[in-house]
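Student: Here it is, the structure in full.
The values are calculated or read from the model by the stated rules, or taken from the named source; none is laboratory data. Bear in mind the structure is a predicted one, so any value in this text is a computation, not a measurement. All Cβ positions, glycine included, derive from the backbone under ideal geometry; neighbour counts span all protein chains shown. When the accessible area is computed, the model is the full protein with side chains, heavy atoms only, and any ligands, DNA or RNA have been set aside. Shrake-Rupley method; radii C 1.70, N 1.55, O 1.52, S 1.80 Å.
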Amino acid sequence: MSRELAHTAEEAVLGALLIAPEVFDSVADLLRPELFIGPGHREIAVELVSLLSASKPVDPLLVTQGLAARKCEVSPEIVFGLARGVGVTGNVRAYVEALVDLWTRREARRVATGLLNSDVDRPGAELVSDFARQLSAIETRTGRPARKLAEVMFARLERREDFLKHPEKLNQEIWQTGFHALDRVVGGLRPGHMFTVAARPGVGKTSFVSAMTDHLASRGVPVGIFQLEDYADSAADRAIMRRMGISSALMRDGATWDRWHWDKAAVAVHEKADWPIFIDDTHQRTIGDVTGAMRRMVREHGIRVFILDNLAEVVVDAIDRRDERLDRALGRIAKTYRDAAHAVGACPVLVVHLNRDLEKASGRPPRMSDIKNSGELEDASHVVVLLSREKDSDLLTVDVAKNRNGPTSSIELTWEKNSMTVQNRSVA
């Protein structure tokens, strides 16, 4: 890319952010002020990133005022010119990726030139080692710097002490699933700790996750659902059926309802209308699309728990994947989803399928190796639960196959066939 085209790409990115600040969600993982070298562009980028990261309003006047407060010598005409210029919101991520590539090239040339101009008497092995070290630093420039273990330990102890003094804070960072036996084993949901739910179709994993969503929302925990396998209207029908306690047959189009059905539906909907559950049913999404939507939902709705249903429906970009095996690509997607949730302080819940071969293994409970295209998914997850249920049985077995926070175990829940809901199992 020529210098002129690079300058145009910088203007396109900054202009897009000024006229449509919401596009920041799609590039927040890549955008850094140091990518910009045009006149005044880096200072404008610093101001934009600062405002957008803090979820503050953005417009040319506010950016100009921020620059003036920091005593930056950037003409207001440049800022307003960018807002009137070539900002193209649809291609902003492609432009940022191009700027990242240019920055990497510049840094690599800078390192190579510096070494070539250094002391010629340095041993060759030392030069190569120094070159490798500096190149590695370029690759990890956006990563968090290493921290001393003792500092992290002290911070963890202070956090624990704070929870003991203020137990109400614990409920703001650890959220119970609503399944009492399960919560005793895994300790609830935590920010950045991926909770993976796996089962064969028809076992009840969607009902399991839906019941968990209702419990969270009833306690004021905002939940964001990516319904990639189905649509929002189907989720709404299941919610009505679940809250009314009626059979799925009554939710079919054209099914006859009596007066009491309508009365019960009104109560079921209106009494729980303020529950903070938000559904995004846009299909054919890449993981970049999903993580961008996650940041937007956190900013707009304060989401604390995300549910991705399900992993197999995330589009794997063929160009990005190249020769990568599908299981590794899906594992990478799962880790990106987990890390994006961690960055915004939310818990990621992931729904996946078990392999069809499990149906041939009669009588055998599911294992983690039965997860379809498992690959690195097991490593990415903090908790993995495997659901199983015999045909026509009301017993849903939840096998906690992995638990980084404690022991593994199996618990039993009740499957309500009529309303297709999952409930705590009563103890006789």
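Student: Counting only residues 5 or more places away or on other chains, whose amide H sits under 5 Å from the amide H of Ile225 once H atoms are built in the peptide plane?
Tutor: Phe278, Ile279, Asp280, Ile307
Student: Between Phe154 and Leu30, what length comes free when the chain is fully extended (0.36 nm per residue of separation minus the Cα-Cα distance, one decimal in nm)?
Tutor: On the way: separation 124, 0.36 × 124 = 44.64 nm, distance 3.12 nm.
Computed gain between Phe154 and Leu30 is 41.5 nm.
Student: Quick check on the chain: helices-only [θ] at 222 nm, where DSSP H runs of length 4 and up contribute -39,500 (n - 2.57) each and the sum goes over total residues. Nearest 500, please.
Tutor: Working: 17 runs with 204 residues, N = 428.
Only helices count here, giving -15000 deg cm²/dmol.
Student: At what distance in angstrom do the alpha carbon centres of the stretch 257-286 and the stretch 29-55 lie from each other?
Tutor: The distance from the Cα centre of the stretch 257-286 to that of the stretch 29-55 comes to 41 Å.
Student: Any idea of Ser369's accessible area? Nearest 10 Å², probe 1.4 Å.
Tutor: 80 Å²
Student: Quick one: 3J(HN,Hα) in Hz for the stretch 94-105, Karplus 6.51/-1.76/1.60 with θ = phi - 60°, rounded, Gly and Pro as x.
Tutor: So the J values, rounded to whole Hz, are 4, 5, 5, 4, 5, 5, 4, 4, 5, 4, 4, 4.
Student: Pick out which of Gly302, Gly254, Gly85 has the largest mean-square fluctuation in a Gaussian network model of the chain, springs linking Cα atoms closer than 10 Å.
Tutor: Gly254
Student: Put a dot 7 Å past each Cα toward the Cβ at Phe80 and Lys417; how far apart are the dots in nm?
Tutor: Here the modelled spin labels are 7.2 nm apart.
Student: Ok, one more. Tell me, what ³J(HN,Hα) does each residue in the stretch 39-49 have, in order and in whole Hz, if you take phi through Karplus 6.51 cos²θ - 1.76 cosθ + 1.60 with θ = phi - 60° and put x for Gly and Pro?
Tutor: x, x, 5, 5, 5, 5, 5, 4, 5, 5, 4
Student: Can you figure out the FRET efficiency of Lys169 with Ser409, using R₀ = 30 Å and their beta-carbon distance, to the nearest 0.05?
Tutor: On the way: r = 28 Å, r/R0 = 0.92.
Efficiency computed from Cβ-Cβ geometry: 0.60.
Student: I want to verify a result. In a Gaussian network model of the chain, Cα cutoff 10 Å, which of these has the top mean-square fluctuation: Ala28, Ala266, Ala20?
Tutor: Of the options given, Ala266 has the highest mean-square fluctuation.
Student: Per the Cauchy relation, a quarter of the hull surface: what is the mean projected area of the convex hull of the alpha carbons in the stretch 230-269, in nm²? Before the final figure, lay out each step's value.
Tutor: On the way: hull surface 11.1 nm².
One quarter of the hull surface, i.e. the mean projection, equals 2.8 nm².
Student: Also, quick follow-up: Roughly how many percent of the accessible protein surface of the chain is carbon and sulfur, given a 1.4 Å probe and a whole-percent answer? Spell out each step's value before the answer.
Tutor: Details: 11920 of 23100 Å².
Roughly 52 percent of what the probe reaches on the chain is carbon or sulfur.
Student: Would you work out which of Pro57, Ala268, Ala255 lies farthest towards the positive end of the dipole of the chain, given +1 charges on the beta-carbon of Lys and Arg and -1 on that of Asp and Glu, about the Cα centre?
Tutor: So the residue we want is Ala268.
Student: Grab the other residues whose beta carbon is less than 10 angstrom from that of Ala181, score K and R as +1, D and E as -1, and report the net.
Tutor: Numbers: positive: Arg184, Arg425; negative: Asp183, Glu412.
Surrounding charge for Ala181 is 0.
Student: Amide H to amide H, which residues 5 or more places from Lys402 or on other chains are under 5 Å from it, using H placed in the peptide plane?
Tutor: Val384
Student: Follow-up. Val23: accessible area at probe 1.4 Å, nearest 10 Å²?
Tutor: Answer for Val23: close to 20 Å² accessible.
Student: Let me ask something additional. With r defined as the distance between the Cβ atoms of Glu22 and Ser50 and R0 fixed at 25 Å, what FRET efficiency is calculated, to the nearest 0.05?
Tutor: On the way: r = 17 Å, r/R0 = 0.67.
Here the calculated transfer efficiency is 0.90.
Student: Each residue of the stretch 376-384 in turn: what ³J(HN,Hα) in whole Hz from Karplus with 6.51, -1.76, 1.60 and θ = phi - 60°, glycine and Pro shown as x?
Tutor: 8, 4, 4, 5, 6, 8, 8, 9, 10
Student: Report, by chain and number, residues whose modeled amide H sits under 5 Å from the one on Thr286, excluding near sequence neighbours (fewer than 5 apart, same chain).
Tutor: Val315
Student: Order of 282-295, 392-405, 186-199, 68-81 by packing, highest average Cβ count within 10 Å first?
Tutor: On the way: 282-295: 18.4, 392-405: 16.5, 186-199: 22.4, 68-81: 13.5.
Packing proxy ranking, top to bottom: 186-199, 282-295, 392-405, 68-81.
Student: Helix 205-218 sits at what angle to the longest principal axis of the chain, using alpha carbons and giving 0 to 90 degrees rounded to 10?
Tutor: Computed tilt is about 80 degrees.
Student: Quick check: residue separation of Ser118 and Arg367 times 0.36 nm, minus the Cα distance between them. What number comes out in nm? Kindly include the intermediate steps, with their values, before the conclusion.
Tutor: On the way: separation 249, 0.36 × 249 = 89.64 nm, distance 5.76 nm.
Contour length minus Cα-Cα distance gives 83.9 nm.
Student: Another question about this same structure. If DNA, RNA and ligands are ignored and the probe is 1.4 Å, what is the ranking of Asp233, Asp263 by accessible area, most exposed first? Each step should come with its number before you reach the end.
Tutor: On the way: Asp233 100, Asp263 75 Å².
Final ranking, largest accessible area leading: Asp233, Asp263.
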